Amino acid sequence: MTSKIVDFSSDTPIDVDLSVEWMDGSGPSEPLVQVHALDEHTYVLRQSLKTHYEGPFIFLLLGNTGALMIDSGATETWPLRETVDGIIADWLVTHPNPTYSLTVAHSHSHGDHTAGDVQFADRPNTSIVPANLEGVQGFFGFTNWPNETVNFDLGGRVVSVIAGPGHEEAATVFYDPWTGILFTGDTVYPGRLYVPDMPAYIATLERVIAFMAAVPVSYLMGCHIEMSSTPGEDHPLGSLSHPGEAPMPMLPGQLFMLHERAVAIAGTPGVHTYDDVIIYNGKAVVDGYLGR
Ligand SMILES: [Zn+2]
C-alpha cells in the first residue's frame, strides 16, 4: 500500500465545514468531548463544560508527516489521548506512515490549556512543547521574540507561529494556510479577554494584522466561548453550562475592531464591555477578577 500524499499547497484556503452546534453543558447526556471535522485533515475538539467551567477548544491539524495539536484541555483525566489517537489512526489508514509524529503545542501556558499534556508523556513519536517562554522559543526556533513569525512544517502543511504575548508571556498565534484559520488562543475569542500586559497585547494584535496583510484569513478560532447570544452579555465565570453561546469562530474584521478598542482604552485600566468581547485591561484588574 502506498501512502497517499496530500497536496496542501494548492487551491487554499479550502472551505471549512462550520455546520456544528457545540455542546454547551446543558444537555443531560453530553459526552466528555465533542469532535468536529472542519475537513478531513483538521479537527476541533471541545472539552465538556461539565468537566471544567473553561470548556476549552483543542485543535488538531494533520500534515503528511505529522500532526499538530494546539492545547490539551483543562483537566488531566478527560478522554483526550484516546480521541486524538483514534483520529490519527483513522487518518493513517488512508495515509500510512509508520513514523507519523504528534506535536503537542499550546496557545499559551495557562493550566486550562496544558493540563492534558500528561496523557501524552509516554506516546511514541510525540513531542510536547514546554509551556513556558524559553520552551516555546527553543522548540519553534524563535531568535527575535516577539518580533518574529516562524514556520512549523507538518509535511507539506506549513503552519506559521506568531509570537503573541499580552494575555500571557509565552502565548502564540498559529496560522494554517490550508484552512486560512488563525488559531488565536485566549488572545482573541468571544469572551473575557484578560490582558495583564496591554502594550504587549496591542503589539501582538498589530503583528497579527501585519501578517494578515500577506495571507488570506478565513476565520479566527480561539479557545473558549464566554459571550452569550445577547450582545455584551457573558456567561458568569465558573458556569458549568452556557445555554445560548455566541458562535466560536470570529471574522477577521473583528480583529481590526478589537485593535482599535485596545488602543482606545490602553490608558484606562478596568473592564470594557463590547458586543462581542469584554476586555479586562491591566494586571490588577485581571488578578482582582480572577481572585489571584
Ligand atoms: Zn484559557
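Read-outs: derived from the displayed coordinates by stated rules, not from any lab. For clarity, every value in this text was computed on a predicted model and none was experimentally measured. Here the Cβ is made from the backbone with ideal geometry for all residues, glycine too, and neighbour counts use every protein chain on show.
If Lys and Arg each add +1 and Asp and Glu each add -1, what is the summed charge of the other residues whose beta carbon sits under 13 Å from the beta carbon of E21? Here the count lands on -3. Given 10 °C and 1.306 mPa s, compute D for the chain with the Stokes-Einstein relation, Rh being the Kirkwood radius over Cα pairs; round to the nearest whole µm²/s. Translational D for this selection: 82 µm²/s.
What is the local net charge at F120, summed over the other residues whose Cβ is closer than 15 Å to its Cβ (Lys, Arg +1; Asp, Glu -1)? Here the count lands on -4. Ranked for footprinting exposure by Cβ neighbours inside 10 Å, fewest first, D117, D39, D197 give D39, D197, D117.
Cα centroid separation, region 143-160 to region 233-292: 28 Å. Summarising the overall dimensions of region 132-218 from its C-alpha atoms, the Rg and Dmax are 12.5, 37 angstrom.
Each residue in L240, L62 was given a count of other beta-carbon atoms within 10 angstrom of its own, and listing them fewest first yields L240, L62. Annotation for region 66-100 versus region 9-28: alpha-carbon center distance of 18 Å.
Every helix of 4 or more DSSP H residues in the chain counts as -39500 (n - 2.57), and over all residues that averages to -6500 deg cm²/dmol at 222 nm. Other residues whose C-beta falls under 10 angstrom from the C-beta of E54 contribute a net charge of -3, scoring Lys and Arg +1 and Asp and Glu -1. Per-residue Cβ neighbour counts within 10 Å put K283, K4 in the sequence K4, K283, beginning with the fewest.
Couplings for region 44-57, taken from phi via the Karplus curve 6.51 cos²θ - 1.76 cosθ + 1.60 with θ = phi - 60°, read 10, 10, 10, 7, 4, 4, 5, 8, 6, 5, 6, x, x, 9 Hz in order; Gly and Pro are left as x.
Charge dipole of the chain (Cα centre as origin; +1 on each Lys and Arg Cβ, -1 on each Asp and Glu Cβ, all else neutral): 360 debye, rounded to the nearest 20. For the chain, the relative contact order is 16 percent, taking Cα pairs closer than 8 Å that sit 6 or more residues apart in sequence and dividing their mean separation by the residue count.
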